[in-house]
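The values are calculated or read from the model by the stated rules, or taken from the named source; none is laboratory data. Not measured: the values here are computed from a predicted model. Neighbour counts are summed over all protein chains in view; Cβ atoms, including those assigned to glycine, are modelled from backbone coordinates with ideal geometry. The area values use the complete protein model at the heavy-atom level, side chains included, leaving out ligands, DNA and RNA. Shrake-Rupley method; radii C 1.70, N 1.55, O 1.52, S 1.80 Å.
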Amino acid sequence: RVTMKSLRFISAEVFVSNAEFARKRLGGVAHNLFPLLFKASYLLEQGEMIHDLVENWPLIDLNIRKLLGTTVDCQEDLSHRTCTVCLESCLTGLRDYVLNRSSPYTKRLKVVDLTGIKDVEVQFCECKKAMGRWARTQMLSKICLDLLVYLQQTQCNPDTFEINIDVLIDLFVTERNYELVVQALLKKCYCPLKICCVAFRSDNLALQKFFYIIKLTDPLALRKLEIVHNVRLEMEHLEILFNTMHFPLLMSLTLPARTFNVRRFTATDEQMLTNIAEKMGEMMQLTELSISYSILTGRIQKLLSPLKTPLKMLDVSNCSLNLADMDYLASSFHANHLEALDLSGHDLSDMYPSVFLKLLRHSSSVLRSLTLEDCNIQDTHVNMLILGLSPCQKLQEFKFVGNPLSSQALKHLFTFLCELPVLKNVEFPVPRDCYPVGTTYPIDDASLCIYDHQKYESVAEELNLILLQANREDVKASSPLFGSYDAAVQETNNELGAYLIKSFKETLEKFTTSLKMS
């Protein structure tokens, strides 16, 4: 891959490639060249050089997204490289910036922004080892606590305690790193490095611990909140959260499965839902909402209509929506602003095709990502789907795995997809004719892998040939059987697996005890 680089950047690469030489001469480098040298060092994975650049950083701010993103001198965007060597060097360099014995009056750094890092599946760095969001949370918390201990035990310059650097970060907390992060947040006011939580993700955490740590993160400054998987948050807990804390800057909210379940609603529950919706409208600026696997039949309007800002991202997958819900979505002011939409788990083609087409038509001018997994889209629905997608000229991502489509229907659909000018990623189902006759949809996990692999490979080749013949080599097409890559889940899957085994064991023990008692 050829990347445009300026002569300045090429010179910077040459300079930092000899780390020993460059580190000795860092004191004579002009301040405005530090960002250039940082990106060059990051590209070449010169860890020691990155450490020394950060330790001696002469500018007021250090913004990872701006430093690693596309620049005039180097067009390659490195913000998706979560290289362990580089990020560890950056964080230890930050620690040593505080401890460096140079006069505090020469230290201008006030803000370090680590929020622009993108976690992706494939790492292009040589070490091939990523430092994910959980590991970054862990390391920064440890550095802050170690720094405090060192400053208390060592005779250091008293002016060191006058250093105050806000470190903006997206925190990811689970049971395993909970205590460490809590201690770092509790002692934040004493540490020169101040953890400032911009986004917070919680998984595999007891509800009581979640409520405690979310207070410590300063909800007033929070822009993104993700409560996922093994946090047992239900509607009554959500109401307490919104009644006791304010999130005036919150723009993105993800709630765990089964937060809402209208099938067991009482009059009190209806009022509770109304209160939650009003709080979301009054005290937040939501543009992204994910409420997948909640049962919200007939309640979407009640939940979304109080919002004062239009949603740009909406995930209502497997929420048991009915015609009234779909009709509201298609007619609401949100529809014209939706850039990402997930309607997975709804029988769109048979139950409400006209409303679905209306929704796509209204969102077509801005829609970038569409997910329609397990929507019972069959061969007879492909022409309708093409009709709905035709105006979506800004679509970059289309995911429709889990639908009973034949090889022939997929070829027809791919021929059309080639016409979408900015499409980059397609996730398509294993063709129905690759599975044994009589396979029913949705296919259970145990049967997902039982298909004719040789036939699938042949079909996949034909689909890629369609892309090649249309000069669309830029489109990546794949069939992820168990869902798209999730960096956060991937990073903590060992912990989550252990939690699930423990829960299963406890359930078995309770069942065995009840059998003995009976």
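Ranked by the mean number of other Cβ atoms within 10 Å per residue, highest first, peptides 378-390, 162-174, 449-461 order as 162-174, 378-390, 449-461.
In the chain, helices alone account for a calculated mean residue ellipticity at 222 nm of -13000 deg cm²/dmol, with every DSSP H run of four or more residues adding -39,500 (n - 2.57). Available extension along the chain between M245 and T154 is 28.9 nm, counting 0.36 nm per residue and deducting the alpha carbon span.
Applying D = kT/(6 pi eta Rh) to the stretch 7-131, where Rh is the Kirkwood radius over alpha-carbon pairs, T corresponds to 37 °C and eta to 0.692 mPa s, the Stokes-Einstein value obtained is 225 µm²/s. A convex hull fitted around the alpha carbon atoms of the stretch 225-370 yields 100 Å³ per residue. The apolar share of the surface of the chain, taken as the fraction of accessible area on carbon and sulfur atoms (1.4 Å probe, ligands and nucleic acids excluded), comes to 54 percent. Using the Cα gyration tensor of the stretch 256-307, with a ≥ b ≥ c the square roots of its eigenvalues, what is the shape: rounded (a/c below 1.5), prolate (a/b larger than b/c) or oblate (neither)? Oblate is the answer for the stretch 256-307, as a/c is 1.5 or above yet b/c matches or exceeds a/b. When V422, V228 are compared by accessible area at a 1.4 angstrom probe, the order from most to least is V422, V228.
Go ahead and run the numbers for FRET between V366 and Q285, Cβ-Cβ distance against an R0 of 25 Å, rounding to 0.05. Step by step, r from the Cβ atoms, then E = 0.85.
Looking at the chain, the accessible area is 47 square angstrom per residue; that uses a 1.4 Å probe and ignores ligands, DNA and RNA. When the pairs K224/K476; K209/K394; K66/K394 are compared against a 32 Å limit on Cα-Cα distance, K209/K394 fall above it.
From most to least packed by mean Cβ count within 10 Å, the peptides 433-446, 66-79 give 66-79, 433-446.
Over all pairs of different C-alpha atoms in the stretch 93-215, the reciprocal of the mean inverse distance, the Kirkwood hydrodynamic radius, equals 15.7 Å. Set the Förster distance to 22 Å, then compute FRET efficiency between Q183 and N493 from the Cβ-Cβ distance, nearest 0.05. After rounding, the FRET efficiency stands at 0.30.
Using the Cβ-Cβ distance between I60 and A206 with R0 set to 30 Å, the FRET efficiency from 1/(1 + (r/R0)^6) comes to roughly 0.15. Estimated at 0.36 nm per residue, the fully extended path between Q393 and R263 surpasses their Cα-Cα distance by 42.9 nm.
So I have [x] 25.9, 82; [y] 31.3, 115; [z] 32.6, 105, and one of them is Rg and Dmax of the Cα atoms in Å calculated from this model. Which one is it? Computing Rg and Dmax of the Cα atoms in Å and matching it to [x] 25.9, 82; [y] 31.3, 115; [z] 32.6, 105 gives [x].
Segment Q469..L7, full-extension length gain: 162.6 nm, with 0.36 nm per residue of separation and the alpha-carbon distance subtracted. Put simply, the amide H of S294, placed in the peptide plane, has neighbours under 5 Å in R258, leaving out anything fewer than 5 places away on its chain.
Inter-part distance, the stretch 255-332 to the stretch 443-483, computed on C-alpha centroids, equals 34 Å. The aspartates and glutamates whose alpha-carbon is closer than 17 Å to the alpha-carbon of K188, local same-chain residues fewer than 8 away aside, are D113, D146, E162, D166, D170, E179, D218. Taking all Cα pairs closer than 8 Å and separated by 6 or more residues, the relative contact order of the stretch 7-131 comes to 29 percent.
The packing ranking, built from the mean of other Cβ atoms within 10 Å per residue, places the peptides 476-486, 190-200, 115-125 in the order 190-200, 115-125, 476-486, highest first.
Listed by chain and number, the aspartates and glutamates whose alpha-carbon sits under 19 Å from that of K24, ignoring those within fewer than 8 places in the same chain, are E13, E45, E48, D52, E55, D96.
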